[in-house]
There are 2 protein chains.
Amino acid sequence: MNNTSLIGQSIRRVDAFEKVTGSAIFGADVRLPNMLHGAFHRSTLPHAKIVDIDVSKAQAVPGVKAVITGKQCSFRHGGMVQDEPFIAIDKVRYAGEAVAGILACDYETAREAAELIKVEYEPLPYVDDVLKALETDAPLIHEGMAGYPHSTTLIEKTNIAHFNRVCRGDVETGFAAADLIEENWFAMPMIQHATTEAHTAIAKYDPSGKLCVWTPAQSPFNVRAELARSLGKSLNQVRIINTRVGGAFGSKHEMAAEPWAVALAAYANCRPVKVVMTRQEVFVNSVVRGATKIWMKTGVKKDGRIVAQQMKTYFDTGAYCGWAPAIARNSSYAAAGPYVVPNVDIETYCVYTNKPHRGAYRGFGFAEVAWGHETQMDIVAHKLGIDPLQMRLLNCLEDGKVSITGETMFSVGLKDSLEAAAKAIGWGSKSDTNSGKGIACFSKMTGTPSSSSSVIKLNEDGTVTIFQSLVDMGQGSETIHTQIVAEELGIPIDAIQIADVDTEYTPYERSTTSSRGTFHTGNAVRNAAIDIRNQLLQAVQKKWQIAVERIEATDGEISEIGGEKRSVAIADLWGKGFLKHPIIGRGVFSTNDIYRPVDPQTGQSKRPTAFWMWGAQAAEVEVDPETGRIEITKIVSANDAGRVINLLTANQQLEGGVVMGVGSVFEELVLKDGLAVNANLHDYKVPTSMDVPQEVVPILIERTHCEGPYGAKGIGEGALAPTAPAIANAVYDATGVRIKELPLSMENVFNSIRKEESSKRHSR
Amino acid sequence: MNNTSLIGQSIRRVDAFEKVTGSAIFGADVRLPNMLHGAFHRSTLPHAKIVDIDVSKAQAVPGVKAVITGKQCSFRHGGMVQDEPFIAIDKVRYAGEAVAGILACDYETAREAAELIKVEYEPLPYVDDVLKALETDAPLIHEGMAGYPHSTTLIEKTNIAHFNRVCRGDVETGFAAADLIEENWFAMPMIQHATTEAHTAIAKYDPSGKLCVWTPAQSPFNVRAELARSLGKSLNQVRIINTRVGGAFGSKHEMAAEPWAVALAAYANCRPVKVVMTRQEVFVNSVVRGATKIWMKTGVKKDGRIVAQQMKTYFDTGAYCGWAPAIARNSSYAAAGPYVVPNVDIETYCVYTNKPHRGAYRGFGFAEVAWGHETQMDIVAHKLGIDPLQMRLLNCLEDGKVSITGETMFSVGLKDSLEAAAKAIGWGSKSDTNSGKGIACFSKMTGTPSSSSSVIKLNEDGTVTIFQSLVDMGQGSETIHTQIVAEELGIPIDAIQIADVDTEYTPYERSTTSSRGTFHTGNAVRNAAIDIRNQLLQAVQKKWQIAVERIEATDGEISEIGGEKRSVAIADLWGKGFLKHPIIGRGVFSTNDIYRPVDPQTGQSKRPTAFWMWGAQAAEVEVDPETGRIEITKIVSANDAGRVINLLTANQQLEGGVVMGVGSVFEELVLKDGLAVNANLHDYKVPTSMDVPQEVVPILIERTHCEGPYGAKGIGEGALAPTAPAIANAVYDATGVRIKELPLSMENVFNSIRKEESSKRHSR
């Protein structure tokens, strides 16, 4: 171990150089010999039977190699329900769904031919609202749903893809004891990740039938498993070569361009086929954060103590499921907020509609429920005349308190986060007219159980190469892992290299999701490094004939502690004969043993997650009552990192989360007649440097976790979740107007202010 | 373990499909985006000072990006002596040496520009004979030789790149006790491997300075180490991606096209640079089996027992060393043949000349010394009137006998090989006029000490991927390793995949040389598979709560032996929760511990090699005395495999060795004024289907080796070594003409017969 620990220091990203010089290879950069290109003809109707597809004109375009429809490609895929055809079969379920694919010599030709496809449809009634989709006469989106291989609690002959319940205590008893009962609906629109890099895949079969796919996947082992399952192949017949990822945020966890490229590759005579989604396709055909509606009924005592929470949450999954059932289910375990709630009853629905399909989006459902519970908390506090901060501190989970799933909590940095955020925003000091402050907090679990693995190779010259399959998509995981290995082996950062992720070569990793990287893969990499260190120490102690406890790895050397104070450079171990054979380190980390299965009826579990994320956000805004324009002057994001590994990148995670959170407050992917009308970066407004808060203050709380590497937990998603309610609560503080439906567009705020003024006038 | 063992069965090559369908990627198949191409201007003189290089015309050719000479590239490389410049610096040392490299948009442009280079030389005296190069007034090829980093016993101010001696007993005492002393010179010309695939390399720097080279390398870790050392980089800053190898036989162990591609890549602004050698360059600029001269003085008793062997062997290494010092040194440990020799004195010289440089060639020097000792043995036998087979059986090494280095031998399958070969050729039966039979035998060590390593990944569906870095260049090692893993895990061949070799991703391997693969890498792969099996058995026994000894892996399942006879498919272990985390197997094998260093003064060692190869060859020929044409009617090759792993590929190794051995009997790379005159496949005659023996009979002897996997040793090189003396001895049997100098060209045989006839006439 180093005398001067690297843990907690600010280390420059190890991938900075290749990113800055432009030498990093992203999906669209992949160019292979004899490569063909694909483009897709997509439906214009949200729900319709396909009567006929006329491909003749497309096929006649010079350079077109093949036109593929659902007739030539009958595979389906899907993380939890295998509901989604690679190319629409028989009917389309959302506007924009792929109906025919063109395989051509270049992209322009493919695009031109795609426009020439003529599809005859028989329109079907469609549904674009999650509550309407639950009505008994709603059009059925998947008729033979139960026939799909699936791992959800889908309900046949309905649009319900998933349902689950979390209950504890008795809500009726709770409400009976309450001094105040507050009931509200909250809503959020469909938004999209808007990653810089479009979703891309290059697929190639070799003559033996082995499939290779180059893709900026977030979770390549998930893509490998899904493709193998869909195609009926063994896992070693599918290889995913990961390219660099230009932003993912959940949208590249499941497949998007991959099934398109694979469908075409089957007709490409073993030539590679490249598919780069257009921006419109990224918006509509990858995944979205679907619309969400939440009903909450809260019972509180006069002193602010929560006695009951009843909720129904409705997750719109769009036309297909993906991993949305897990989004709905997992968020239900914290849907009532990070509070002690003795009586709780939460029903969670994941529902099909004729819309683009829902996938993971930074926060995986927990940002959605936070919009509900943190706005509700504010409403209740104000009604009780209690300071919203005090209301949260009174109810919040702490070490030793019991969660709504029955877990006794530990390593809870929530109170510290709330207090730190409040202090930094100047909580309690008087705001100017039209300006206000808001606070919100959250908790989030990480996907559990799961496993990670790592192999480390010690080269003959003492440099090392790390193998692992967590994907660095900007979060800085490669830097974290390099730091961990440098720490354990006592060698410099630049002696360490991290190999590109490739399912054929790098070891199993469940996914790059759920803020799980540092905790899980960090542990696996650390274990592999310790395995290397142990082998080095043993090799040296064998030669020196002293106890292994008297040897340490530090400053690039293996040194004797005390005694003759001998030392040998790790770089020389091979040359000087200490090492007689190559050293390979191996590390695995699995949360299978600590996980306690969740009871499917009640949602109860003593340990549903490897760790919880905790954080609080405080926002300061100025609202122009004449226009409805919100200016965010400051946001403080305090998050419990467990233990900070890299100070630089940890702070950047919080800053990035805040900015993306600001986006989630103002963005909306708008459909008209089922068709997306602003699926481009002109009309869909992501925050620019003009829109982000004037001041963002990241605060890192460190409540070490006994199972995390050096005590670390995850902080990738946290800073986003409470951004929307913190801002909306600040808007209320500034204006007295309570907005329960996102986005906080100028129009929405303006109208809300007018409505509030009008109701005040009428109530006079 | 399987009930029905796979070991010894004939298993179809696992790479057969990709080879047959043409989907295998060889060096020249590599096409990368923005790739530039290189070609070289090469010297026309064998030894000359470079006075001036006029690159102006070349530089003016449209499409030429850069012209690089030794002035722009001052790196040197070399396995044992870093003597060879990437591009000639100041002087050229052999005709054909690269003087300037052209970097251009395509190959044709590069080639055209290369022709336009004008070099002004100051010719120097040159030497093209190994004995002349040792004369005191011989031109010095490397003036500042001792200044090169080196690991040989080079002798400054001479052309001696290496010298060593093996001595035991006292030859003078031996000769004094001898009844017959026979003294002869033997010679072999320069030959070349003539691999189907030309030597090729594609080199690319990334902006950080990391170098990636695609190459059909035989020993990619050797290439990595040499490049890193030459360029002053750490090992993880150099990556070698192995392409498929279209024949190597030693010629791709060290670098050939790689330094050329790397020299140009430095000026390519991070674009990849491809260099494919022309056939002429392959002949002259990769490596050759250099000319060799051997002087032997043998003392024998009347009964045929050898009492003394004195030898001087002269290995012509050409202008540069490569690994030739090791060729010379290693062969000296068996230069006196596989016999008990109580008194021995062998001096071995590796000598610079102005010729193409020597490298490994199937047999690594042992074929050369076999030409000496096996011809000498025949001469002596005939002079004593002893049957050549009996003479060999009388003297040959056996278990428990002591070698010339002082090793007590074990696992010696020589006598069995001699007897089997003799029986199959019909030894002792009368031959027709002009037809004759000959026999020869050999022993060969394997490079020791060395290490191999392997990692095996168990996929979630029970399929596995093997990582190792031995290169399958046709010998069938991937099939062997697959078989071993199938055997140890009890899973089918097609559940196993073997990853392509890539120094970044696959674990350390010393080299693919020396017939060492099955023994060394086979052991490493087997250890990794056993490691996987142990983890699987432990996972299952933990769940079943029975002793691990009562569980076995067989037929794709883990099964309980006796008891409840439970079983679970390996494919289901993950899904059914037996496995809670990914399984990674790790295996290393090193001969460091069994190796005993060779005494540098006397060549004595109790264990100089991990194993010895043993074999015998019997040939039957018909010689046309009117033309000198030799028709080989039958060759029997009996080799001690230790234990056969794959019967099919083991037999093919012997057959291939025989055919290449026939080539080594007739081929010669001819120089005129130092310049190769037949460096093409028209004039350099490799054996065609018309030239190979009418009948080749492979015989596999199995004398198991206690340290080999399942008892296996190596058989890659053996069948070649005794081919030449077996044929020459058969020619003697047919004609009474003794030829001591290869090749056995029609001209040589014709002249030898005429000379013999003439001397008989004169002696009448």
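Listing for the model above:
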| item | result |
| --- | --- |
| Residues within region B:447-494 that are among the hydrophobic types (A, V, I, L, M, F, W, C), within 14 Å of chain A (Cβ to nearest Cβ) and under 18 Å from B:G250 (Cα atoms), tallied | 1 |
| Matching residues, region B:579-599, being in contact with an Asp or Glu (Cβ under 8 Å, 6 or more places away or on another chain) and farther than 23 Å from B:E509 by Cβ | B:K580, B:P582 |
| Matching residues, region B:260-278, being within 17 Å of B:N242 (Cβ to Cβ) and not small (G, A, S) | B:V262, B:P272, B:K274, B:V275, B:V276 |
| Residue list for region A:420-444, restricted to those being over 14 Å from A:A734 (Cα atoms) and open to solvent by 20 Å² or more (accessible area, probe 1.4 Å) | A:A420, A:K423, A:A424, A:G426 |
| Those residues of region A:28-59 which are open to solvent by 50 Å² or more (accessible area, probe 1.4 Å) and over 35 Å from the mean Cα position of the chain (by Cα), in sequence order | A:N34, A:V51, A:D52, A:D54, A:S56, A:K57, A:Q59 |
| Residue within region A:545-553 that is acidic (D, E) and within 29 Å of A:N242 (Cα to Cα) present | no |
| Search result, residues across region A:714-733 that are open to solvent by 10 Å² or more (accessible area, probe 1.4 Å) and assigned to a loop (DSSP other than H, G, I, E, B) | A:I715, A:G716, A:E717 |
| Qualifying position, being among the charged types (D, E, K, R) and in contact (Cβ under 8 Å) with a residue 40 or more places away in the chain, among A:E398, A:E347 | A:E347 |
| Condition broken by A:E156, with the remaining ones in (1) more than 30 Å from A:M35 (Cβ to Cβ); (2) surrounded by fewer than 20 Cβ atoms within 10 Å (Cβ to Cβ); (3) modelled with pLDDT of 95 or more satisfied | (3) |
| Matching residues, region B:676-723, being over 17 Å from B:A422 (Cβ atoms) and in contact with a Ser or Thr (Cβ under 6 Å, 6 or more places away or on another chain) | B:Q694, B:R703, B:H705, B:G711, B:A712, B:G714, B:G716, B:E717 |
| One residue from B:L227, B:L180 being more than 19 Å from B:R510 (Cα to Cα) and at pLDDT 95 or above | B:L180 |
| Test: B:E254 is touching a strand residue (DSSP E or B) at 6+ places or on another chain (Cβ under 7 Å), more than 14 Å from chain A (Cβ to nearest Cβ) and not basic (K, R) | no |
| Any hit, region B:388-400, residues being under 25 Å from the mean Cα position of the chain (by Cα), assigned to a loop (DSSP other than H, G, I, E, B) and among the aliphatic types (A, V, I, L, M) | yes |
| Every residue from region A:1-42 that is small (G, A, S), touching a strand residue (DSSP E or B) at 6+ places or on another chain (Cβ under 9 Å) and part of a loop (DSSP other than H, G, I, E, B) | A:A24 |
| Qualifying residue in region B:231-253 (condition: touching a Pro at 6+ places or on another chain (Cβ under 9 Å), of a type outside the set (S, T, N, Q), closer than 21 Å to B:P356 by Cα and surrounded by 24 or more Cβ atoms within 10 Å (Cβ to Cβ)) | yes |
| Strands (runs of 3 or more DSSP E) enclosed by region B:574-672 - at least 3 residues per element that are within 14 Å of chain A (Cβ to nearest Cβ) and buried (at least 18 other Cβ atoms within 10 Å of the Cβ) | B:583-590 |
| Yes/no for A:V540 being at pLDDT 95 or above, more than 44 Å from the chain's Cα centre (by Cα) and either more than 14 Å from chain B (Cβ to nearest Cβ) or open to solvent by 40 Å² or more (accessible area, probe 1.4 Å) (or both) | yes |
| Check on B:A24, buried (at least 24 other Cβ atoms within 10 Å of the Cβ) and closer than 22 Å to B:T200 by Cβ | no |
| Selected residue (only one of A:T292, A:T313 is hydroxyl-bearing (S, T, Y), open to solvent by less than 10 Å² (accessible area, probe 1.4 Å), under 23 Å from A:N678 (Cα atoms) and in contact with a helix residue (DSSP H, G or I) (Cβ under 7 Å, 6 or more places away or on another chain)) | A:T292 |
| Some residue of region B:184-201 being within 14 Å of another protein chain (Cβ to nearest Cβ) and of a type outside the set (D, E) | no |
| Which listed residue, of B:R596, B:R566, B:R629, B:R586, is of a type in the set (K, R) and within 27 Å of B:R165 (Cβ to Cβ) | B:R596 |
| Condition met for A:A528 (touching a residue at least 60 places away in the same chain (Cβ under 8 Å), under 20 Å from B:Y508 (Cβ atoms), open to solvent by 30 Å² or more (accessible area, probe 1.4 Å) and within 14 Å of another protein chain (Cβ to nearest Cβ)) | no |
| Matching residues in region A:497-523 - criterion: being within 14 Å of another protein chain (Cβ to nearest Cβ) and either assigned to a loop (DSSP other than H, G, I, E, B) or touching a Cys at 6+ places or on another chain (Cβ under 6 Å) (or both) | A:A499, A:D500, A:V501, A:T503, A:E504, A:Y505, A:T506, A:P507, A:Y508, A:R510, A:S511 |
| Residue match in region A:291-311 (condition: aromatic (F, W, Y), within 19 Å of the chain's Cα centre (by Cα) and either within 14 Å of chain B (Cβ to nearest Cβ) or farther than 23 Å from B:T463 by Cα (or both)) | no |
| Close pairs (7 angstrom Cβ cut-off, 6 or more residues apart or separate chains): more than 23 Å from A:N269 (Cβ to Cβ) and within 11 Å of chain B (Cβ to nearest Cβ) in region A:209-235, aromatic (F, W, Y) and outside any helix (DSSP H, G or I) anywhere | A:F221/A:Y508 |
| Test result for A:G147, out of contact with any Lys or Arg (no Cβ under 6 Å at 6 or more places or on another chain) and under 23 Å from A:A88 (Cβ atoms) | yes |
| Filter pass, B:T512 being more than 18 Å from B:V464 (Cα to Cα) and in contact with a Ser or Thr (Cβ under 8 Å, 6 or more places away or on another chain) | yes |
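Every residue, every condition in (1) open to solvent by less than 30 Å² (accessible area, probe 1.4 Å); (2) in contact (Cβ under 8 Å) with a residue 12 or more places away in the chain; (3) more than 24 Å from B:N34 (Cα to Cα); (4) not in a strand (DSSP E or B), yes or no:
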residue: B:V61; (1), (2), (3), (4): yes, yes, no, yes
residue: B:C73; (1), (2), (3), (4): yes, yes, no, yes
residue: B:A88; (1), (2), (3), (4): yes, yes, yes, yes
residue: B:G96; (1), (2), (3), (4): yes, yes, yes, yes
residue: B:V99; (1), (2), (3), (4): yes, yes, yes, no
residue: B:L103; (1), (2), (3), (4): yes, yes, no, no
residue: B:E108; (1), (2), (3), (4): no, no, no, yes
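The values are calculated or read from the model by the stated rules, or taken from the named source; none is laboratory data. Here the structure is a predicted model, which is why all the values come from computation and not from measurement. For neighbour counting, all protein chains shown are included, and Cβ atoms are generated from backbone atoms with ideal geometry for every residue, glycine included. Accessible surface areas use protein heavy atoms only, side chains included; no ligands, DNA or RNA. Shrake-Rupley method; radii C 1.70, N 1.55, O 1.52, S 1.80 Å.
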